[in-house]
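What follows is a set of notes on a single structure, which appears directly below.
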Amino acid sequence: MTAPLLKVENLVKHFPITGGLLGRVVDRVHAVDGVSFELAAGETLGVVGESGCGKSTTGRCILRLIEPTSGEVTFEGKSVTRASKTELRALARDMQIIFQDPYASLNPRMTVGAIIGEALTIHKLTKTVREYEDRIVQLLETVGLSADHMRRFPHEFSGGQRQRIGIARALAVSPKLVVCDEAVSALDVSIQAQVINLLEDLRSQFSLTYIFIAHDLSVVEHISHRVAVMYLGRIVEIAPAKALYTDPKHPYTEALLSAVPIPDPQIKRKRIPLQGDVPSPIHPPSGCHFHTRCPIAQKGLCNVEKPQLKKTGEGHWVACHLRG
């Protein structure tokens, strides 16, 4: 077997909470609590879960936009977590991110050409002004925009167009891995489909590898080869997309899928309501984090012992004491 492009081992991120006159650390937010997975070149891994489950923090820790508390991230055999600033800049050419908010992620004082071309300047990827401008035009046309847009400012574009500019910026350095951090959640449904189709085309065209973060399971289904389901900082299930949607193992995954609307009125799906609210990540429950809302939880087991991911099928892993 070939070595994975990306390997994440026991990634942890705790945000300190300070208080008092001296600003001492009084508690911690357990945003990411021991996440591990591997990603092959050319693969798309969908990461789903409720708001606040640690999806975006995981993506940003992988890129070192947020410093992880502990754990190891390896990209093409090189350590990302232990990389120096110089090494990290070199790695940044291979690892890029598309941000969630197309309105906040673009500098309003810069033209579209300057936004996309900034990476070309930083990494010295073009030698002449003509080459620089030709590359920007090429990137704009690749994402479905025109050369005329190069001189315009972000406020002159719609949300979908701005997200295309963000995609062009990520592609400017010819990356191998792109983290799509809720890249379509701020867009209208019709625009979402266009952007997802664009991302799929770009993956084929440039041999890209994606981590596609979203909270909408129906969006993730169409673009992902595998899907990881997160709950309160942990991966509770990871499986090939088809297997996860047709035969979910974890009770949380079953509940999420039961809430996905089906466009055919003839098909009735049994709704699985979850009791209570998501616990606070400051004081997550002991044992299995999901046991406070789980319909099949067993006292003395689920609330005491942390479940480990175990294999239940070909590429299908679930973290549950009672399933698998």
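Since every read-out is calculated from the coordinates, none of them should be taken as a lab result. Keep in mind that what you see is a predicted model, and the values were worked out from it rather than measured. Positions of Cβ are generated from backbone atoms using ideal geometry, with glycine treated the same way; all protein chains shown enter the neighbour counts.
If you check 26, 8, which single one turns out to be in a strand (DSSP E or B) and within 19 Å of residue 78 (Cβ to Cβ)?
Of the residues listed, the single one that is in a strand (DSSP E or B) and within 19 Å of residue 78 (Cβ to Cβ) is 8.
Being part of a helix (DSSP H, G or I) and surrounded by fewer than 24 Cβ atoms within 10 Å (Cβ to Cβ) is the filter here, so list the residues in region 207-244 that pass it.
Selection gives 217, 218, 219, 221, 222, 223, 241, 242, 243.
Starting from residues that are touching a Gly at 6+ places or on another chain (Cβ under 7 Å) and assigned to a loop (DSSP other than H, G, I, E, B), keep the ones in region 290-324 and report whichever is farthest from residue 250 (Cα to Cα).
In this case the residue turns out to be 304.
Being surrounded by fewer than 22 Cβ atoms within 10 Å (Cβ to Cβ), of a type outside the set (Phe, Trp, Tyr) and touching a residue at least 60 places away in the same chain (Cβ under 8 Å): is that true of residue 67 here?
It is false that residue 67 is surrounded by fewer than 22 Cβ atoms within 10 Å (Cβ to Cβ), of a type outside the set (Phe, Trp, Tyr) and touching a residue at least 60 places away in the same chain (Cβ under 8 Å).
List every residue pair whose Cβ atoms lie under 6 Å apart, where the two residues are 6 or more positions apart in sequence or sit on different chains, the first residue falls within region 194-205 and is β-branched (Val, Ile, Thr), and the second residue, located anywhere, is buried (at least 17 other Cβ atoms within 10 Å of the Cβ) and part of a helix (DSSP H, G or I).
195/163; 196/223
Could you tell me how many of the residues in region 113-125 are β-branched (Val, Ile, Thr) and either crowded, with 17+ Cβ neighbours inside 10 Å or touching a residue at least 60 places away in the same chain (Cβ under 8 Å) (or both)?
Count: 2.
Test residue 53 against the stated conditions and say whether it is within 13 Å of the chain's Cα centre (by Cα), crowded, with 20+ Cβ neighbours inside 10 Å and in a loop (DSSP other than H, G, I, E, B).
yes
Just the residues that are among the β-branched types (Val, Ile, Thr) and over 16 Å from the mean Cα position of the chain (by Cα), please, taken from region 153-199.
Residues satisfying the conditions are 165, 173, 189, 191.
Tell me whether region 186-206 contains one or more residues that are over 21 Å from residue 100 (Cα atoms), surrounded by fewer than 15 Cβ atoms within 10 Å (Cβ to Cβ) and of a type in the set (Val, Ile, Thr).
Among the residues of region 186-206, not one is over 21 Å from residue 100 (Cα atoms), surrounded by fewer than 15 Cβ atoms within 10 Å (Cβ to Cβ) and of a type in the set (Val, Ile, Thr), which makes the answer no.
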